[in-house]
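Below is one structure, written out as structure tokens, with a few remarks after it.
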Amino acid sequence: MSEYNIGTKCVQAGYTPGNGEPRQIPIIQSTTFKYETSEAMGRLFDLEENGYFYSRLQNPTNDLVAAKIAALEGGTAGMLTSSGQAANFFALFNICECGSHIVASSSIYGGTFNLISVTMAKMGIEVTFISPDAASDELDAAFKENTRAVFGETIANPALTVLDIEKFADAAHRHGVPLIVDNTFPTPVNCRPIEWGADIVTHSTTKYMDGHGSAVGGAIVDSGAFDWTAYPDKYPGLCTPDESYHGIVYAEKFGKGGAFITKCTAQLMRDLGCIQSPQSAFLLNLGLESLHVRMAKHVENGQAIAEYLEQHPKVSHVSFPGLPSNPYNALSKKYMPKGGCGVVSFELAGGRSAALEFMKRLKLAAIETHVADARTCCLNPATSTHRQMTDEQLIEAGIPAGLVRMSCGLEDKEDLIADLSQALG
Ligand SMILES: *Cc1c(COP(=O)(O)O)cnc(C)c1O
């Protein structure tokens, strides 16, 4: 599949049926798998052979879809998780342990910020947050002797900052650690972080990949480029024997291309069990089949709405990396020449009350705490997700009370603009 264009991979990568086999991927709705002999099953438990024994660790439907996502990202291996949160946790925890340190962009999804700064802190993993705009020397200063990973989002949710992937990858590699990029918003249709030096890519497949608001899920893809064996002291989990699998060494047995995902499946999925259901994987694959068609339309609608809002007298500010006025426009053009995504945020000049009134009047756009769906939706953080904060705290956090985040769906842009126009009054 590697010779095909991205749209062809969206439709067909990951699964090539043989003669008389189902054209669509089968949903293997089975928790367990049958073997003729205990020896045959034993070889699976020893990781001597590839196969399935229990759907808490691996399921064939999931693996077909993970293979498609790995092909889309240009990676060597992939796996599905039960959510985007699980994907980011697994990607980090696969190479971090108590006493490790992470360098992360400060402009990331709130759930991931909490995961790293609160929950992983309880596990003894420290973090230094750094502005995505930091210069290389500032980035260098964030590293410590126990740093094990760098983390950022291609387009951050909800701040819509664009990560300078090459700059972050170079810094990570100067310090001998991998760069993990959450590529949820642009999807591999619009940006492939691995081509710019990222080592591991994660997704909340709940967003554009599913695209229809039908199933929560996540994915992890390994580029296969990071050489764990060059840093055996930093990554003992990959470079020293795993006693729970008769002393195999993942980096030796599965090589650069397979070690990370195999360890993540064999240890983290085994012990923590955040697997996606095969039903959800099937729904995700339906979404992937049209991802390339849908992303172009999300970008087109986002651009049209951002341009419309930018000239509207009741709108004081619009944030969309595709606007020439946006500080991330140059980075966006470099990393995402086809555009980024369909999420636009804007501030109403009338503040909190204007935002409330505007949202009430909308007819097509629904009020939801979701993004990246076929149906346009919007959110006023001040009166929903961030309602415990005062107006002053909101300004400090860069989320003024009049801010609205709008996720442009797949409707006709003329209708969306007409809806905005009547709601703005
Ligand atoms: C939504 C989101 C997540 C979390 O994903 P879930 O599927 O909701 O667990 C992580 N990263 C980004 C960028 C997101 O938008």
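Do we have Ile69 as in the same structural domain as Pro241 (by TED's automatic domain parsing), within 29 Å of the chain's Cα centre (by Cα), in contact (Cβ under 8 Å) with a residue 60 or more places away in the chain and in a helix (DSSP H, G or I) here? Taking the combined requirement at face value, the residue satisfies it.
Of all positions in region 239-262, none carries a residue that is within 23 Å of the chain's Cα centre (by Cα), of a type in the set (Ser, Thr, Tyr), within 26 Å of Asn183 (Cα to Cα) and surrounded by fewer than 18 Cβ atoms within 10 Å (Cβ to Cβ). Taken as a whole, the structure places Gly75 among residues that are assigned to a loop (DSSP other than H, G, I, E, B) and either within 28 Å of Val11 (Cβ to Cβ) or not assigned by TED's automatic domain parsing to the domain that holds Lys263 (or both).
In this structure, Gly99 does satisfy being assigned to a loop (DSSP other than H, G, I, E, B) and more than 19 Å from Gln276 (Cβ to Cβ). For region 193-207, filtering for residues that are assigned to a loop (DSSP other than H, G, I, E, B) and away from the ligand (no atom under 16 Å from the Cβ) leaves 2.
Report yes if Leu356 is in a loop (DSSP other than H, G, I, E, B) and surrounded by 15 or more Cβ atoms within 10 Å (Cβ to Cβ), otherwise no. Spell out the reasoning first.
On the way: in a loop (DSSP other than H, G, I, E, B): no; surrounded by 15 or more Cβ atoms within 10 Å (Cβ to Cβ): yes.
Here the answer is no, as Leu356 does not meet what is asked.
Restricted to region 208-221, and to residues there that are buried (at least 24 other Cβ atoms within 10 Å of the Cβ) and within 13 Å of the chain's Cα centre (by Cα), the residue that is farthest from the ligand (Cβ to nearest atom) is Val221. None of Asp133, Asp182 is buried (at least 24 other Cβ atoms within 10 Å of the Cβ) and under 27 Å from Met295 (Cα atoms) except Asp182. Looking at region 259-274, can you tell me whether even one residue there is of a type in the set (Ser, Thr, Tyr), closer than 30 Å to Ala423 by Cα and in contact (Cβ under 8 Å) with a residue 60 or more places away in the chain? No, region 259-274 contains no residue that is of a type in the set (Ser, Thr, Tyr), closer than 30 Å to Ala423 by Cα and in contact (Cβ under 8 Å) with a residue 60 or more places away in the chain.
For region 293-311, the criterion of being surrounded by fewer than 20 Cβ atoms within 10 Å (Cβ to Cβ), in the same structural domain as Met209 (by TED's automatic domain parsing), at pLDDT 95 or above and among the acidic types (Asp, Glu) is satisfied by no residue at all. Cβ-Cβ contacts under 7 Å between residues 6 or more apart (or on different chains), taken from a first residue in region 206-220 that is of a type in the set (S, T, N, Q) to a second residue that is within 6 Å of the ligand (Cβ to nearest atom) and part of a loop (DSSP other than H, G, I, E, B), are listed as Thr206/Ser83; Thr206/Val216. For region 164-186, the set of residues classified as farther than 21 Å from Phe93 by Cα and either away from the ligand (no atom under 11 Å from the Cβ) or modelled with pLDDT under 95 (or both) consists of Asp164, Ile165, Glu166, Lys167, Asp170, Arg174, listed by residue number. Of everything in region 222-234 that is over 21 Å from Asp182 (Cα atoms) and not acidic (Asp, Glu), the residue that is surrounded by the fewest Cβ atoms within 10 Å (Cβ to Cβ) is Ala230. Before we move on, is Phe320 in the same structural domain as Lys413 (by TED's automatic domain parsing) and surrounded by 20 or more Cβ atoms within 10 Å (Cβ to Cβ)? The answer is yes for Phe320. Looking at Gly99, Gly51, just one residue is within 26 Å of Thr265 (Cβ to Cβ) and at pLDDT below 95, and that residue is Gly51. Here His101 passes the criteria (1) more than 16 Å from the ligand (Cβ to nearest atom); (2) under 22 Å from Thr161 (Cβ atoms) except the one numbered (2). Candidates are the residues of region 86-98 that are within 16 Å of the ligand (Cβ to nearest atom) and either touching a Phe, Trp or Tyr at 6+ places or on another chain (Cβ under 9 Å) or basic (Lys, Arg) (or both); the one that is nearest to Ala259 (Cα to Cα) is Ala91. Would you confirm whether any residue within region 80-89 is assigned by TED's automatic domain parsing to the domain that holds Ala149, part of a strand (DSSP E or B) and surrounded by fewer than 20 Cβ atoms within 10 Å (Cβ to Cβ)? No, there is no match, as no residue in region 80-89 is assigned by TED's automatic domain parsing to the domain that holds Ala149, part of a strand (DSSP E or B) and surrounded by fewer than 20 Cβ atoms within 10 Å (Cβ to Cβ).
The values are calculated or read from the model by the stated rules, or taken from the named source; none is laboratory data. All of these numbers come straight from a predicted model, not from anything done at the bench. Every residue, glycine among them, receives a Cβ derived from its backbone with ideal geometry; neighbour counts consider all protein chains shown.
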